[in-house]
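Just so it is clear, none of the values below were taken in a lab; they were calculated from the coordinates. This is a predicted model, so every value here is computed, not measured. Heads up, the Cβs are rebuilt from the backbone with ideal geometry, glycines too, and the neighbour counts pull from every protein chain shown.
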Amino acid sequence: MISELETETGEHITNETLILLELESYYNKLYSAETTATLNEYLQFTNNLEIPQLTVYMCDKLEGPLTYEECKEALSSFSKDKSPGEDG
């Protein structure tokens with residue numbers, strides 16, 4: 001439960017209805033298709049962007065069905081006596 005929320009303007013609201021309206025507004029803006037970024041800002045952001053590439057060897061290892069060993073290793077890496085988190 002969110003009992004208090006600070007708005008973009010710095011106002012603190014505690015009314016449940018106003019909090020819900022503020023959250024709805026925030027996520028509507030966040031997931032809208034509109035953007036305020038200019039071409040110059042985009043180019044500045046992507047200019048020195050280094051995106052790692054998989055090697056041919058890594059690509060080959062990722063292809064094919066999962067092996068018993070891979071599944072066993074993944075399951076063994078989980079914490080004992082714990083369930084997965086909220087994200088599953």
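What does the charge count near GLU11 come to, summing +1 for each Lys or Arg and -1 for each Asp or Glu among other residues with Cβ under 12 Å from its Cβ?
-4
Sum -39500 (n - 2.57) across every DSSP H segment of at least 4 residues in the chain, then divide by the residue count to get the 222 nm mean residue ellipticity, nearest 500.
-13000 deg cm²/dmol
Could you name the lysines in cross-link range of LYS82, using Cα to Cα under 19 Å and dropping any fewer than eight places away on the same chain?
The qualifying lysines are LYS72.
What longest range of the chain stays clear of loop-exposed trypsin sites (Lys or Arg not before Pro) (DSSP non-H/G/I/E/B, at most 13 other C-beta within 10 angstrom)?
Values: sites that count: LYS80, LYS82.
So the longest stretch without any such site is 1-79.
Give, in nm to one decimal, the length gained when the segment between LYS29 and GLU86 is fully stretched (0.36 nm per residue of separation minus the Cα-Cα distance).
Details: separation 57, 0.36 × 57 = 20.52 nm, distance 2.50 nm.
Fully extending the segment from LYS29 to GLU86 adds 18.0 nm.
Tell me which label goes with the value of P(r) over Cα pairs in 10 Å bins from 0, in percent computed from the coordinates here: (i) 11, 17, 20, 26, 22, 4; (ii) 15, 44, 31, 9, 1; (iii) 17, 41, 30, 11, 2.
Only one listed value fits the structure, namely (i).
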